[in-house]
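Read through the structure below, which is laid out as structure tokens, and then see the notes.
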Amino acid sequence: MLSTRSVAESDRLDFWREVVCRTIAGVEATALVSDQPYSGSIRTQSIPLAHLPNFDLIQVEADAQFVTRTKKLIDQSEGAWLLMIQEEGVCEVGQGARKTKLSPGDIGFLDTSRPYEVTFPRRFRQSILKMPALLFRDIAPRGDDLAGVTLPGAQALTAIARQNLLLLERNASVIEPSFLAAAANSCLGHLSLAMRATRRDEGRQIAGPAISDHVVRADVYISQNLHDAGLSVERVASSIGISAGYLQQLYRAAKNLGVAQSILDQRLANCRGELADPSLAEESITAVAFRWGFSESSSFSRAFRRTFGLSPRQYRQQRIAGPGFLRHRVALPARKP
């Protein structure tokens, strides 16, 4: 843990600026208290993932401050996102045209490759997930720009995601290493579901809220039924009371992606995660594929190789052997409409 208590009172604010820049992102920080020495602390830990780069869990507790990230402070090579879980106090966030307020329980998003500003009007506590853009793109809804967006803490899926992430932060040091990546993946899965269920309409070319609701409900049904090999576009459409053709139309407008391709991408992503998980190393590749809705080993292998550039067996061997495989492209590629 890094704390301002470790330095002289006159040096605390400068120390705090340096700590925030080194740990979170390069920013200019201005104290909003003047009648007392500045007080703040940061604790950080890196969480490994089986199939993507690590992310950092950072807990921040500090006095009131105004933080701004300007263009001159942005290093384009960073490419990170900040997912802020507000625990105590409030903050006002602005990025681009969006301005929002985080209250305890809310989760906010900031893209460090673009300018932003955050005001903490009084003492606060936040837990922050700092994740590479590659990882964020893997869990975020396609086609959505979430910079400056808030997931309301009162929504059930956000509350579940928040509690899981906070529990991971507090217990990561005692989880057996071979299971930590799987636990982290599970937490990110809940977060991804909350993001899909509460995503905003800003910047989307959708005719109205009813259309957005159809796509969200379809996403939830797909997530709940990925294990079923009989999952089809027709079944998804029937579950929300519209035709398959209309659902395809909505999906392409919302995601630039067809329903069947979305199902395939999600199945492949889940298989990829389990094949890279050391705790599942004794399980057969066929069992992993069948668990996520594939009905033929050969079709699974072809789809996996076409998407990730390696066979499932090669991928598992290289991922479990060590982190050097990150040189390979493992994110799902952009799909053409």
> Considering the stretch 70-97 alone, what residues qualify as being assigned to a strand (DSSP E or B) and either under 18 Å from V60 (Cα atoms) or in contact with a Lys or Arg (Cβ under 6 Å, 6 or more places away or on another chain) (or both)?
Replying inline: A80, W81, L82, L83, M84, I85, Q86, E87, E88, C91, E92, V93
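Mind checking whether some residue in the stretch 279-287 is under 28 Å from A184 (Cβ atoms), of a type in the set (G, A, S) and modelled with pLDDT of 90 or more?
Keep residues of the stretch 279-287 that are under 28 Å from A184 (Cβ atoms), which gives 279-287.
Right, trim to of a type in the set (G, A, S) and you get 279, 281, 284, 287.
Among the residues that remain, those that are also modelled with pLDDT of 90 or more are: 284, 287.
There is at least one residue in the stretch 279-287 that is under 28 Å from A184 (Cβ atoms), of a type in the set (G, A, S) and modelled with pLDDT of 90 or more.
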> Which residues, taken from the stretch 25-81, are farther than 26 Å from G96 by Cβ, touching a strand residue (DSSP E or B) at 6+ places or on another chain (Cβ under 6 Å), crowded, with 20+ Cβ neighbours inside 10 Å and at pLDDT below 90?
Replying inline: I47
> When the residues of the stretch 82-100 are filtered to those that are surrounded by fewer than 22 Cβ atoms within 10 Å (Cβ to Cβ) and of a type in the set (V, I, T), which remaining residue is modelled with the lowest pLDDT?
Replying inline: T100
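Could you list all residues from the stretch 98-154 that are under 15 Å from the mean Cα position of the chain (by Cα), in a strand (DSSP E or B) and of a type in the set (D, E, K, R)? Step through it out loud before you land on a result.
So the first thing to find is which residues in the stretch 98-154 are under 15 Å from the mean Cα position of the chain (by Cα), and the list is 106-112, 127-151.
Those still in the list that are in a strand (DSSP E or B) too: 107-111, 127-132, 150-151.
Those that are under 15 Å from the mean Cα position of the chain (by Cα), in a strand (DSSP E or B) and of a type in the set (D, E, K, R): D111, K130.
Taking the options S103, S34, S39, S46, name whichever one is within 30 Å of N171 (Cα to Cα) and without any contact (Cβ under 8 Å) to a residue 12 or more places away in the chain. Outline the logic, then answer.
Numbers: S103 fails: without any contact (Cβ under 8 Å) to a residue 12 or more places away in the chain; S34 fails: within 30 Å of N171 (Cα to Cα); S39 fails: without any contact (Cβ under 8 Å) to a residue 12 or more places away in the chain.
Unique residue meeting the criteria: S46.
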>> With the structure loaded, tell me whether L231 is at pLDDT below 85, assigned to a loop (DSSP other than H, G, I, E, B) and surrounded by 16 or more Cβ atoms within 10 Å (Cβ to Cβ) or whether it fails that test.
In response: no
>> Looking at the stretch 227-254, I want the residues that are within 21 Å of A289 (Cα to Cα) and assigned by TED's automatic domain parsing to the domain that holds R267 and have a partner that is assigned to a loop (DSSP other than H, G, I, E, B) and of a type in the set (A, V, I, L, M, F, W, C) with Cβ atoms under 9 Å, at least 6 apart or on another chain. Which pairs are those?
In response: H227/W292; A229/F294
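Return the residues of the stretch 116-134 that are modelled with pLDDT of 85 or more and among the hydrophobic types (A, V, I, L, M, F, W, C); say none if nothing qualifies. I'd like the intermediate steps shown before the answer.
So in the stretch 116-134, the residues modelled with pLDDT of 85 or more come out as 116-133.
V118, F120, F124, I128, L129, M131, A133, listed by residue number.
Please determine whether any residue of the stretch 163-174 is at pLDDT 85 or above, loosely packed, with under 13 Cβ neighbours inside 10 Å and hydrophobic (A, V, I, L, M, F, W, C). Give the derivation first.
At the first step, the residues of the stretch 163-174 found to be at pLDDT 85 or above are 163-174.
Going one step further and asking which of them are loosely packed, with under 13 Cβ neighbours inside 10 Å, we end up with 167, 170-171, 173-174.
When the remaining residues are screened for being hydrophobic (A, V, I, L, M, F, W, C), the result is 167, 174.
Within the stretch 163-174, one or more residues are at pLDDT 85 or above, loosely packed, with under 13 Cβ neighbours inside 10 Å and hydrophobic (A, V, I, L, M, F, W, C).
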>> Here are the criteria: (1) under 22 Å from L180 (Cα atoms); (2) surrounded by fewer than 17 Cβ atoms within 10 Å (Cβ to Cβ); (3) of a type outside the set (S, T, Y). Tell me which single one R5 does not satisfy.
In response: (1)
> List the pairs whose first member sits in the stretch 112-134 and is over 19 Å from K99 (Cβ atoms), whose second member is part of a strand (DSSP E or B) and charged (D, E, K, R), and whose Cβ atoms are under 7 Å apart, counting only residues at least 6 apart or on separate chains?
Replying inline: R125/E61; R125/E87; R125/E88; S127/E87; K130/D56
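The values are calculated or read from the model by the stated rules, or taken from the named source; none is laboratory data. Here the structure is a predicted model, which is why all the values come from computation and not from measurement. Methodologically, a virtual Cβ is constructed for each residue, glycine included, from the backbone with ideal geometry; neighbour enumeration extends over all protein chains shown.
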